[in-house]
Each structure stands twice: as C-alpha cells, then as structure tokens.
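Data block below; observations after.
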Amino acid sequence: MPIAFILLILMLPFLLLMLFFNVATISFSRLGLSPAGALLFLTASVLGSLINIPLSRRRVVVQEHQVFPFPLLFFYYPPVVREQVICFNVGGAGLPVLFSLYLLLTGRAPLLPSFLALIIVTVVAKLMSRPQPGVGIVMPAFIPPLVAAAAALLLAPSGQTAPVAYVAGTMGTLVGADLLNWRSIQELGAQMVSIGGAGVFDGIFLVGIIAAFLG
C-alpha cells in the first residue's frame, strides 16, 4: 500500500475537522459576526461544552429501603441515596442564550417572528425529547435545526431568516427539551444533569450552522 495513501487515511479525520470548522465559521459569520469573531465563538462553544456550572445539588433516592422480616430475624437494607448535581452548560446554553439576546437586542432578529418561531420549536422539542435514566434529556440532533429553519422561512421577513432561525432553534430547544422537562430531569437517577448538555448540545450547535445558510 503506498505511503501517500496511508498518510491520507491518517490525515482524513483532521481534514474533515478543518473542513467542518471552515464551514461553521462561514455560517456563523453570516449571522453578523466577523470571521475572527465567528471562529472565536465556534471555538468557545466547543470548549464551553466541556464546562458545566453547578446550579443546585440534592440527594435523590436511587433505591428505596427494603425490609425482609422473618420469624426470628429482621433484615433492613437502607435506601440507596445519590447526590444529583444540576448544571448549566456554557457551550450548549450560556453562549447560545447570550448570542440570541444579542441578535434580538440589535434588531437582527425581529421580535415577533422570533417569538412565534420559538414557540413552534419549543413545542416540537418538548414532544421529541425523552428523559433517559442515568443520562439526562436526549433528542434527535437534526430536529431543532430543521424545525427552526422551516419556521423562520415561513415567519421571518426576507433577509432575516437566519437570525430568527438561530434564536428560535437555540432558545426553543433549551425551553422545550430542558426547562419543560425540569421535573423529569430531577427524577432521573443521573449524578449530573446539564442544561444544554450532551443530550441537546448537538442540536443547538447544528442550529447555528444550518440557520446561517438561510440568510
């Protein structure tokens, strides 16, 4: 096997990663960021996905206590208790919320179309998200971008579909998948549950990339 072919195979993941970063940078720059700002935001989002800020801690009962009575003996097994930490993911929740507020406050994303599209994405995200014991909230990653894009195309004025799709897709996913499942999140046995974390981060991240191509 030629050495050049082996080197190409070894470098293929790196080349695909660079291609992805280039496409993502171009897409985010179409949302109003400079190329350097888009690259910085993209990098911060990826690195921020590794950072979870604790919001609350509580003790949850994983297994109730058990009592086994016998004629002469009495066995008692105490409940299995675990500490659960509710966190706020920087890359999947913090940065998307801040950028959405920026788009709204600067007028790039008009308020009424963004709000209506957000409601649509929220409803779909709520219906499609599922609490998974031991993991958190999971949802197909391609659902929020497609729904947000369709809603923005229907509701947003010409030239403002990309910002509307981004606001609706990111905020709608967080509200529908995470906040509206708050009670289910607290009932999960996972030791750490992150708002905007692994279960919904992919969808939120893809929203930004797909939304930008609508502009």
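Only the coordinates and a few stated rules stand behind these numbers; no lab work does. The structure displayed is predicted, hence computed values, not measured ones. Neighbour counts run over all protein chains shown; Cβ positions are idealised from the backbone, glycine included.
A few comments on the model shown:
- The amide H of Cys87, built 1.01 Å from its N in the peptide plane, has Leu55, Val193, Ser194, Ile195 as neighbours under 5 Å, considering only residues 5 or more places off or on other chains.
- The distance between label points at Gln132 and Leu12 comes to 2.6 nm (points 7 Å beyond Cα on the Cα→Cβ vector).
- Order of Arg108, Arg130 under a 10 Å beta carbon neighbour criterion, fewest first: Arg130, Arg108
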